Amino acid sequence: MDVNLLIGDEWDVFYIPSSGLSGGIIILWKSKVAEFSVIDHSSQVVIGDLKIQNKCLWRIASVYGSIDVHKRKELWEMLNKHSDKDIPMAIGGDFNCILTKEDKIGGRRFLFSQGPRDMKNCLIENDLHEVGFIGPKYTWCNNKSDGARILERLDRCFVNSKALSSSHRLVTRHLARIASDHCPIILNILDSFPRIKGNIKFEDCWVSYKASYAEVKKEWNKKYEGDNSQVLNKKFQRSLKSLFYWSKAKHKDLNKLKRN
């Protein structure tokens, strides 16, 4: 098989072949580190359970949504069928749909039509929340210039409340477009918050960055179990940690730019 020649014997693979102009879906995982069991699949999504050895179990849905609104209803139905609120779940990929006018630059005026409504209802019904991201806001470009150029945020990652309340640090990275009209996106679900010696103190300089508000909002909107005082304490602590690691990543990126 061509895939095995490219990736070697350490990886297992499951794929949906391309059909006509529509691309396919390929799932890769290291067999010595994880086990992926496919639950259901179609031309628009592969859903399965990812078991990380000696660590955790996640339900993963890799999406390649149809450009046809009516065909895309099949995607929402499959996600509704296999969503599980009792285990951490991540859903990501190219949804071929945007939710708000802020998700687009150029082209026709955005309308909250049947497509966005269907997607919004699926997210609400299955208690799915978008993970904060680092990198370019718009993940797709029609590769045209000037007034004909269109940018949209078609590629996204969502997780359920079980994932949000876990000890893992969830960060989505939008990488640069190189060989495609889409940005690759990466979700890290295994980077737990390390223990930090001493207390984290709020830095006044964080207020000067608008992006810091999004970090706090993301943590504050997460759901935690416990009484009000416990929940508030968790939110304060997680918000400070999120700002701390966000600022470290920001300074690291700035240092890279200076060296280049």
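The values are calculated or read from the model by the stated rules, or taken from the named source; none is laboratory data. Quick caveat, the model's predicted, so the values are computed rather than measured. Backbone-built Cβ (ideal geometry, glycine too); neighbour counts: all protein chains shown.
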One residue is enough: does the range 206-216 have a residue meeting the conditions buried (at least 18 other Cβ atoms within 10 Å of the Cβ), at pLDDT 85 or above, over 24 Å from ILE47 (Cβ atoms) and charged (D, E, K, R)?
no
Any hit, the range 32-44, residues being touching a residue at least 24 places away in the same chain (Cβ under 8 Å) and of a type in the set (Gly, Ala, Ser):
yes
The one condition in (1) out of contact with any helix residue (DSSP H, G or I) (no Cβ under 6 Å at 6 or more places or on another chain); (2) at pLDDT below 95 that HIS41 fails to fulfil:
(2)
Selected residue (only one of ASP118, ASP155 is modelled with pLDDT of 95 or more and crowded, with 20+ Cβ neighbours inside 10 Å):
ASP155
Residues that are of a type outside the set (S, T, N, Q), touching a Phe, Trp or Tyr at 6+ places or on another chain (Cβ under 8 Å) and either touching a residue at least 60 places away in the same chain (Cβ under 8 Å) or not assigned by TED's automatic domain parsing to the domain that holds GLY107 (or both), drawn from the range 132-167:
LEU154, ASP155, ARG156, CYS157, ALA163
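Only one of LYS81, LYS73 is more than 25 Å from HIS182 (Cα to Cα) and either in the same structural domain as HIS41 (by TED's automatic domain parsing) or modelled with pLDDT of 95 or more (or both); which?
Numbers: LYS73 fails: more than 25 Å from HIS182 (Cα to Cα).
Among LYS81, LYS73, only LYS81 is more than 25 Å from HIS182 (Cα to Cα) and either in the same structural domain as HIS41 (by TED's automatic domain parsing) or modelled with pLDDT of 95 or more (or both).
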Can we say LEU164 is at negative phi, modelled with pLDDT under 90 and touching a Lys or Arg at 6+ places or on another chain (Cβ under 9 Å)?
yes
